[in-house]
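Data block below; observations after.
The values are calculated or read from the model by the stated rules, or taken from the named source; none is laboratory data. Only a predicted model underlies this, so the values are computations on that prediction, with no experimental measurement involved. Cβ placement follows ideal geometry from the backbone for every residue including glycine, while neighbour counts extend to all protein chains displayed. Note: accessible area is taken over every heavy atom of the protein model, side chains too, but ligands, DNA and RNA are not part of it. Shrake-Rupley method; radii C 1.70, N 1.55, O 1.52, S 1.80 Å.
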Amino acid sequence: MRVIGIGGIFIKCRDVEGARAWYEKHLGIPMESWGASFPFKNDPNPEAYGNLSFFKEDSTYLMPSDSRFMINFRVENLDALVKKMSEEGIPLIGTPEDTEFGKFAWIMDPEGNKIELWEQPI
């Protein structure tokens with residue numbers, strides 16, 4: 001019921017379009033308007049993927065963290081993990097969400113970085 005992989009990395013940028021273009025040109029990562037996906041070839045979930053996404057510098061999505069990035073971790077059973085973290089005294093940031101893209105919950109690490117927990121839909 002803990003983390004099973006990295007679901008994505010989210011980066012705040014002064015120039016989102018410039019950042020996407022740089023990653024595409026210099027690292028060869030094909031970009032969409034929101035960023036890029038990386039399918040996992042050996043995952044039991046054939047739809048499994050990780051993301052690289054860019055947010056405008058003034059985005060509030062990473063709040064309450066002051067960091068310029070957020071890591072999204074894939075989890076196997078978000079409900080069980082949220083319950084376990086609550087028992088361990090780890091507070092959630094906001095309310096968990098269940099969307100077409102999967103289940104999400106957020107916490108802060110001891111350094112003040114926001115962590116997104118994601119149960120990917122099958």
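Does MET31 fit the bill of being in contact with a strand residue (DSSP E or B) (Cβ under 8 Å, 6 or more places away or on another chain) and not aromatic (Phe, Trp, Tyr)?
No.
Test each condition in (1) exposed (fewer than 14 other Cβ atoms within 10 Å of the Cβ); (2) within 28 Å of TYR23 (Cβ to Cβ); (3) touching a residue at least 12 places away in the same chain (Cβ under 8 Å) for GLU119 and report the one that comes out false.
(1)
Is it fair to say PHE54 is aromatic (Phe, Trp, Tyr), touching a residue at least 12 places away in the same chain (Cβ under 8 Å) and open to solvent by less than 50 Å² (accessible area, probe 1.4 Å)?
yes
Tell me the residue from GLY50, GLY94 that is at pLDDT 90 or above, touching a strand residue (DSSP E or B) at 6+ places or on another chain (Cβ under 8 Å) and not charged (D, E, K, R), please.
Only one candidate qualifies: GLY94.
Show me the strands (runs of 3 or more DSSP E) entirely contained within segment 1-116 in which 3 or more residues are touching a Leu at 6+ places or on another chain (Cβ under 7 Å).
3-13, 69-75, 102-108
Got at least one residue in segment 112-121 being within 21 Å of ILE11 (Cβ to Cβ), touching a Lys or Arg at 6+ places or on another chain (Cβ under 9 Å) and among the small types (Gly, Ala, Ser)?
Among the residues of segment 112-121, not one is within 21 Å of ILE11 (Cβ to Cβ), touching a Lys or Arg at 6+ places or on another chain (Cβ under 9 Å) and among the small types (Gly, Ala, Ser), which makes the answer no.
Exactly one of (1) closer than 17 Å to LYS103 by Cβ; (2) open to solvent by less than 20 Å² (accessible area, probe 1.4 Å); (3) not hydroxyl-bearing (Ser, Thr, Tyr) is unmet by ILE4. Its number?
Here ILE4 meets the rest and fails (2).
Just to verify a result, which residue in segment 69-91, among those that are of a type in the set (Lys, Arg) and loosely packed, with under 14 Cβ neighbours inside 10 Å, is modelled with the lowest pLDDT?
Ranking the qualifying residues of segment 69-91, first place goes to LYS84.
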